[in-house]
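The values are calculated or read from the model by the stated rules, or taken from the named source; none is laboratory data. Everything numeric here is computed off the predicted structure, so don't read it as measured data. Reconstructed Cβ throughout: ideal geometry from the backbone, glycine too, with neighbour counts over all protein chains shown.
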Amino acid sequence: MSAEARAPHFVKSFEHGLAVIRSFDADHPTRTLSEVAHTCDLTRAAARRLLLTLADLGYVHQDGRLFRLTPRVLELGYSYLSSYTLPQIAEPHLEQLVAQVRESSSLCVLDGDDIVYVARVATRRIMTASITVGTRFPAYVTSVGRVILAHLPETEAEVLLSRAELRPLTARTLTAPDALRAELRRVRRQGYAVVDQELEEGLRSVAAPVRDRDGEVIAAVNIAVHAGRTSVDSVRRDLLPPLLATVAGIEADLRITKPVTNPGPAASPGSGTHRSSSSRRSPAPPA
């Protein structure tokens, strides 16, 4: 968020504290004070104060020159997930789907320009980068993202696409805006999306939308496979029918489950986050 767009209530130190937490990831599970300061564009003194504060709160552990997150950080995400009905409803259905097709499946929602994994059942590691709950990918290049984008109001989708950095993640990635818009129109007509090695070479996926009791698309479920083992035709022939059946089961459970309030990922004003329809209608909760 630019300085000009910040509201008077904006607490910059809190923003910096969150940036420090986000500076740790799978590739950098430990960092030195200097690394944190450089990554977060902070002075060493500011980075030190923030790291020591997080350590006092139990979110960071210091071992000599190295800092790392502690499991307590999981509480921050669990507070969201534990109040979010959709992943809890979807997980048994995902487990049945994975047992049937013997491929990994995930439930994702849209947050800003990215899709976020909120439930996942895996059979084996399918990508170079491990995918877990909380993993994010650009929405435009994933099957789950395209399914959700295809069902956004046209003006909202256009705003998101106009500001997204359409980078070619592989030689197959669709980056031309007009071609991407045409693909989203096709996804909306057919009711599902297939992405063939656009996010990562060797990875194919198919996704279908999840609708709430009012028919609003609030999430998407995918099945991801190795391209060398499963052709695109096989994805459509063998995986799409059980995927659609799984989505229908999730939607049926959503219709009879008491909705929760504000289940979607939090969005800053103007972020373009596609909040679940709970924020617009009756509150029920992409690769």
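Taken over the stretch 214-259, residues that are closer than 24 Å to residue 197 by Cβ and either part of a helix (DSSP H, G or I) or among the basic types (Lys, Arg) (or both) amount to 16. Among the residues of the stretch 144-162, those identified as closer than 15 Å to residue 108 by Cα and either part of a helix (DSSP H, G or I) or polar (S, T, N, Q) (or both) are 144, 145, 146, 147, 148, 149, 150.
Looking across the stretch 16-48 at every residue that is under 23 Å from the mean Cα position of the chain (by Cα) and of a type in the set (A, V, I, L, M, F, W, C), the one that is surrounded by the most Cβ atoms within 10 Å (Cβ to Cβ) is identified as 20.
From the residues in the stretch 1-15 that are at pLDDT below 85 and loosely packed, with under 10 Cβ neighbours inside 10 Å, which one is nearest to residue 134 (Cα to Cα)? So that I can check it myself, show each step before the final result.
Kept after step one, since they are at pLDDT below 85, are these residues of the stretch 1-15: 1-8.
Adding the requirement that they be loosely packed, with under 10 Cβ neighbours inside 10 Å leaves 2-4, 7-8.
Details: 2: 25, 3: 27, 4: 29, 7: 27, 8: 30 Å.
Here the answer is 2.
Could you tell me whether any residue of the stretch 167-180 is assigned by TED's automatic domain parsing to the domain that holds residue 109, of a type in the set (A, V, I, L, M, F, W, C), at pLDDT 85 or above and within 23 Å of residue 101 (Cα to Cα)? No: the stretch 167-180 contains no residue that is assigned by TED's automatic domain parsing to the domain that holds residue 109, of a type in the set (A, V, I, L, M, F, W, C), at pLDDT 85 or above and within 23 Å of residue 101 (Cα to Cα).
Scanning the stretch 49-66 for residues that are out of contact with any Phe, Trp or Tyr (no Cβ under 8 Å at 6 or more places or on another chain) and surrounded by 15 or more Cβ atoms within 10 Å (Cβ to Cβ) yields a total of 4. Going by what's in this entry, would residue 133 be described as within 19 Å of residue 240 (Cα to Cα), of a type in the set (A, V, I, L, M) and touching a Phe, Trp or Tyr at 6+ places or on another chain (Cβ under 8 Å)? Here the answer is no, as residue 133 does not meet what is asked. So if I check each of 107, 94, which one is modelled with pLDDT of 85 or more, crowded, with 18+ Cβ neighbours inside 10 Å and more than 16 Å from the chain's Cα centre (by Cα)? Within the list 107, 94, the selection yields 94.
When you scan the stretch 9-87 for helices (runs of 4 or more DSSP H) that lie fully inside it, which ones turn up with 3 or more residues that are basic (Lys, Arg)?
Because the criterion is at least 3 residues that are basic (Lys, Arg), the helices (runs of 4 or more DSSP H) in the stretch 9-87 that meet it are 44-57.
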